[in-house]
Ligand code: ASP
């Protein structure tokens with residue numbers, strides 16, 4: 001399928017067994033070296049790079065043209081593939097033992113001077129996003145986006161082989177509760193009314209089950225208006241799955257098979273299935289986390305019982321005393337640094353026992369501890385015991401975070417390992433103390449586990465939900481649950497979450513009606529595609545697995561979105577911008593001017609073209625027009 005009227009091969013195809021053949025290649029000039037006589041061009045396309053040699057004695061016209069070529073010009077070259085001489089072989093390039101001896105060269109398309117060179121490191125991210133089409137030509141991004149496409153292809157094949165139907169659900173919809181803020185879209189035909197972009201197709205996929213489709217999937221874009229952190233974007237893509245008459249074993253096995261395929265086909269790595277399972281309670285107890293990184297040990301231990309009568313008041317008075325045994329004799333400086341971190345995570349301090357090479361203990365608290373206590377903590381020579389004494393939740397938070405930090409810092413993590421695991425049976429509700437009410441830990445459509453189905457409302461703090469999360473190397477890939485298919489139970493959950501009957505009707509009336517008309521038991525899962533590619537590509541930057549991401553302020557430096565609309569549009573929508581909206585809007589902020597150059601040209605200053613729209617907007621505050 002490579003051969004077209006433009007080319008006979010891809011640049012990455014050039015190999016010794018093609019030597020002697022005529023090839024026509026088309027691609028971008030990655031680098032040009034002009035030796036006065038001979039001109040060398042590295043010609044790049046998605047598949048790789050081939051070196052072109054243009055010899056003025058063999059191809060005078062091509063050589064004349066080659067002098068004009070600059071980086072990122074699009075070229076088409078015809079010639080004969082020849083072997084390189086032994087001393088010019090480049091063992092670092094797959095095509096490094098051959099080159100194309102050019103007969104005819106065509107400049108298909110030119111490029112203005114570049115705002116950055118493609119092989120330049122540490123280019124400012126805003127500048128990269130502003131010129132994303134260039135940035136995407138880099139090897140790493142080509143690889144990440146390619147991997148993403150390959151992965152989605154495998155997902156579709158697996159889901160379809162298992163009888164799941166790809167059903168598209170609407171983007172303009174009603175609020176769907178996944179715990180974030182909604183993006184709202186004003187309606188021109190019904191001024192003053194708004195659609196919400198789905199935070200997930202949760203209710204819709206449940207309705208496909210009520211509608212008898214039995215097995216649904218979709219690669220769905222979900223919109224969550226969140227305050228952005230490094231690992232969050234507002235448009236997330238997920239593999240969304242739902243099945244009727246659900247069977248947890250079938251669902252887990254399907255996901256495990258899918259991941260095994262992805263890892264095998266994309267990375268050539270065998271991952272072990274079935275994945276281990278932990279309940280939430282166990283994960284929390286052993287790792288202080290609901291998404292534990294199990295590539296290393298360093299598990300939390302509990303000393304609450306032995307410290308009940310401790311002479312060390314901090315231990316005696318704490319609801320829980322838990323500790324980590326660190327296989328290293330930490331220095332005072334290490335301990336001071338760890339204490340700072342522990343404080344950031346909410347600890348009041350960090351008590352410790354350090355055991356030296358001889359096994360002697362060094363610690364300001366040792367003198368308060370009984371023999372029983374010391375016997376329990378007794379570490380190996382050259383080790384350190386770190387304590388958290390607080391509420392159970394706080395000890396989990398602090399020690400869980402310390403554990404991850406130390407795993408990294410002490411080099412306990414095998415970087416080549418992928419440890420997948422299921423975490424199940426999360427609590428059903430959690431208390432929002434500020435708002436003084438219960439909220440759903442997963443979402444309000446999640447059913448309780450069988451033991452709790454009749455009494456979750458009596459003891460919401462302890463009720464467990466039929467939920468599961470999939471975790472790899474300490475990252476949550478996604479999760480799901482079995483759903484409530486009984487309208488009475490659903491209403492009871494809504495009631496517990498503080499929704500009046502009227503609110504239940506206006507927000508979720510259609511779901512309650514559907515559940516009342518023959519709803520099969522159903523359940524499903526959603527797995528983040530962006531996160532999956534990050535893990536697969538070992539790519540720490542979420543934006544580098546997305547072709548056209550927004551920046552951390554939710555704006556697109558390339559197009560300038562979000563942007564202004566005309567007064568006419570606002571009038572049609574019945575929207576008046578408040579004074580506040582215009583006052584707080586930042587002025588357009590452009591990446592600084594940069595010295596740029598074609599690789600062999602005199603430097604000159606390139607002012608990025610204006611994008612006309614703010615870079616870090618606090619969007620307009622909309623209010624339905626009441627005038
Ligand atoms: N809708 C949920 C989410 O987006 C996943 C699920 O329960 O299937 O997180």
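Each value in this text was obtained by applying a stated rule to the coordinates, not by laboratory testing. Here the structure is a predicted model, which means the values were calculated and not measured. No Cβ is skipped: glycine too gets one built from the backbone with ideal geometry, and neighbour counts run over all protein chains shown.
Against the longest principal axis of the chain, how steep is helix 139-161, in degrees 0 to 90 to the nearest 10, with axes from Cα atoms?
60 degrees
Would you mind estimating how fast region 41-88 diffuses translationally, via Stokes-Einstein at 10 °C and 1.306 mPa s with the Kirkwood radius over Cα pairs, in µm²/s?
Using the Kirkwood radius from Cα pairs, D works out to 131 µm²/s.
Where in region 157-175 does the label zone of residue 221 land, with the point 7 angstrom along Cα→C-beta and an amide N cut-off under 17 Å?
167-174
Roughly how tilted is helix 332-344, in degrees to the nearest 10 and between 0 and 90, from the longest Cα axis of the chain?
Once rounded, the angle reads 80 degrees.
Taking every DSSP beta bridge with both residues inside the chain, roughly what % is antiparallel (nearest 5)?
Numbers: 95 of 102 bridges.
Taking every DSSP beta bridge within the chain, about 95 percent pair in antiparallel fashion.
Over the Cα atoms of region 79-203, what is the Rg over Rh ratio if Rh follows Kirkwood?
1.17
List the residues of region 87-104 whose backbone N lies under 20 Å from a point placed 7 Å from the Cα of residue 19 along the Cα-to-Cβ direction.
87-103
How long are the semi-axes of the ellipsoid equivalent to region 91-157, from square roots of 5 times the Cα gyration tensor eigenvalues, in whole Å, largest first?
One finds semi-axes of 26, 22, 14 Å for region 91-157.
Can you tell me the 0 to 90 degree angle between the C-alpha axis of helix 501-515 and the longest principal axis of the chain, rounded to 10?
Relative to the chain, helix 501-515 is tipped by roughly 70 degrees.
For the pair residue 142/residue 414, report the inter-label distance in nm, with labels modelled 7 Å from Cα in the Cβ direction.
About 3.3 nm separates the two model spin labels.
Over its Cα atoms, what ratio of radius of gyration to 2.2 N^0.38 Å does region 469-532 give?
Values: Rg = 15.3 Å, N = 64, 2.2 N^0.38 = 10.7 Å.
Normalised Rg, Cα atoms only: 1.43.
Report the calculated FRET efficiency for residue 269 and residue 368 (r = Cβ-Cβ distance, R0 = 35 Å), to the nearest 0.05.
About 0.10, to the nearest 0.05.
Would you mind giving the average projected area, over all directions, of the Cα convex hull of region 442-573 in nm² with one decimal?
Over every viewing direction, the Cα hull of region 442-573 projects on average to 13.1 nm².
Once the piece of chain linking residue 569 and residue 8 is laid out straight, how much longer is it, given 0.36 nm per residue of separation minus the C-alpha distance between them? Could you put the intermediate results ahead of the total?
Working: separation 561, 0.36 × 561 = 201.96 nm, distance 5.04 nm.
So the extension gain works out to 196.9 nm.
What percent of all Cα-Cα pairs in the chain falls in each 10 Å bin, counting up from 0?
Calculated over all Cα pairs of the chain, the distribution is 3, 12, 18, 20, 20, 15, 9, 3, 1, 0 percent.
P(r) tail for region 16-126, what percent of Cα pairs lie past 23 Å?
Values: 1623 of 6105 pairs.
Value for region 16-126 (Cα pairs over 23 Å): 27 percent.
Fewest first, what order do 11, 29 take by the number of other Cβ atoms within 10 Å?
Neighbour counts put them in this order, fewest first: 29, 11.
Please list the radius of gyration and Dmax for region 318-419, considering alpha-carbon atoms only, with Å as the unit.
That works out to 13.7, 44 Å for Rg and Dmax.
Sticking with the crude label model, points 7 Å out along Cα→Cβ, report the distance from residue 189 to residue 547 in nm, one decimal please.
Reported label-point gap for residue 189 and residue 547 is 3.0 nm.
When the chain is fully extended, how far beyond the present Cα-Cα distance does residue 277 get from residue 181, taking 0.36 nm per residue of separation?
31.4 nm
Could you work out the helix-only [θ] at 222 nm for the chain, with each DSSP H run of four or more residues adding -39,500 (n - 2.57) and the total divided by the number of residues, to the nearest 500 deg cm²/dmol?
Result for the chain: -8000 deg cm²/dmol, rounded to the nearest 500.
From largest to smallest, what semi-axes in whole angstrom does region 287-373 give when each is the square root of 5 times an eigenvalue of its alpha carbon gyration tensor?
Working: eigenvalues 84, 65, 42 Å².
After diagonalising the Cα gyration tensor, the semi-axes are 20, 18, 14 Å.
Starting from the Cα of residue 58, step 7 Å toward the Cβ, then list every residue of region 16-33 with an amide N under 13 Å from that point.
19-23
Between residue 247 and residue 157, with labels modelled 7 Å along Cα→Cβ, what's the label distance in nm to one decimal, could you check?
2.5 nm
If each residue of separation counts as 0.36 nm, what is the full-extension length gain between residue 391 and residue 90 once their alpha-carbon separation is subtracted? Intermediate results must be reported in sequence, preceding the final value.
Values: separation 301, 0.36 × 301 = 108.36 nm, distance 6.11 nm.
The span from residue 391 to residue 90 would gain 102.2 nm if fully extended.
Tell me, what is the FRET efficiency for residue 435 and residue 378 to the nearest 0.05, using R0 = 60 angstrom and their Cβ-Cβ distance as r?
Between residue 435 and residue 378 the formula returns 0.85.
Just how far, in whole angstrom, is region 314-389 from region 232-272 if you go by their alpha carbon centroids?
41 Å
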